[in-house]
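Reviewing the structure listed below.
The values are calculated or read from the model by the stated rules, or taken from the named source; none is laboratory data. Quick caveat: nothing in here was measured; it's all calculated off a predicted structure. Don't worry about glycine lacking a Cβ; one is built from the backbone with ideal geometry, like all the others, and counts go over all protein chains shown.
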Amino acid sequence: MLLEATAAVNADAPAMIDNRLFPASSMPDQDWWHALWPDPEAVLRDTGMQPGMHGVDLCCGDGHFTGPMCRLLQPGRVWAIDLDAGLLEQTRQQCQHLPNFSAVLGDARELPRLVSEPQDFVFIANTFHGVPDKSGLSRAVHDALKTGGYFAVINWYRRPRENTRVLNQPRGPETPLRMEPDEVRQIVEPMGFTLDKRIDVGPYHYAVVFAADRKP
């Protein structure tokens, strides 16, 4: 999840990382990642994921959500996509025993080209705030989804960083980078989506879930 970029060519391709791509979106330490979301499968269920769906963990990072997604969606296929080869390898090591898991290395903006079939669900956590072209990424997600498929965005609420403490330390992106749910909605909906629901997921985060219902 370094730079929280995504999508892919293949898992053996060299990582081409541009530090300007997705700023302020580095992968957190595992200890506070788990402190924030001790039950990642429950978060996924709350967004609306169901067994049998085909899904993408966009900017999967070290796989905190990927393994639970594979177990929840089976027998549906799960694509784990990230720009950082090292983090993607951590995800692969965690999930290699899961028969519905696929790892992909590359750029999220090429998502429709990098998955083999239209998807039911695309999930992205702690990344959207750092994407330079948020509309472009939303359009790419739309083009990778089936009509009626879902796009779930998890973000930090816009609270002062000093007030979002995990394991007694301020965590998350700098306050000006944070986005409220309505800001995400204003970007995503024009790309062919309709808001399906908004929920709280953890003490400092929300999920906004959109349905792909038309061509942008």
- Those residues that are closer than 16 Å to GLU117 by Cα and within 15 Å of the chain's Cα centre (by Cα), I need them from the stretch 127-148; list them, please. ALA140, VAL141, HIS142, ALA144, LEU145
- Message: Against the condition more than 19 Å from the chain's Cα centre (by Cα), at pLDDT below 95 and either farther than 27 Å from ARG113 by Cβ or among the hydroxyl-bearing types (Ser, Thr, Tyr) (or both), how does ARG214 come out, does it pass?
- Response: no
- Do we have LEU177 as farther than 20 Å from CYS59 by Cα and either hydrophobic (A, V, I, L, M, F, W, C) or buried (at least 19 other Cβ atoms within 10 Å of the Cβ) (or both) here? no
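Please enumerate the residues belonging to the stretch 153-173 that are of a type outside the set (A, V, I, L, M) and either more than 20 Å from the chain's Cα centre (by Cα) or surrounded by fewer than 11 Cβ atoms within 10 Å (Cβ to Cβ) (or both). Steps first, please.
The initial filter retains those residues of the stretch 153-173 that are of a type outside the set (A, V, I, L, M), namely 155-165, 168-173.
Selection gives ARG159, PRO160, ARG161, GLU162, ASN163, THR164, ARG165, ASN168, GLN169, PRO170.
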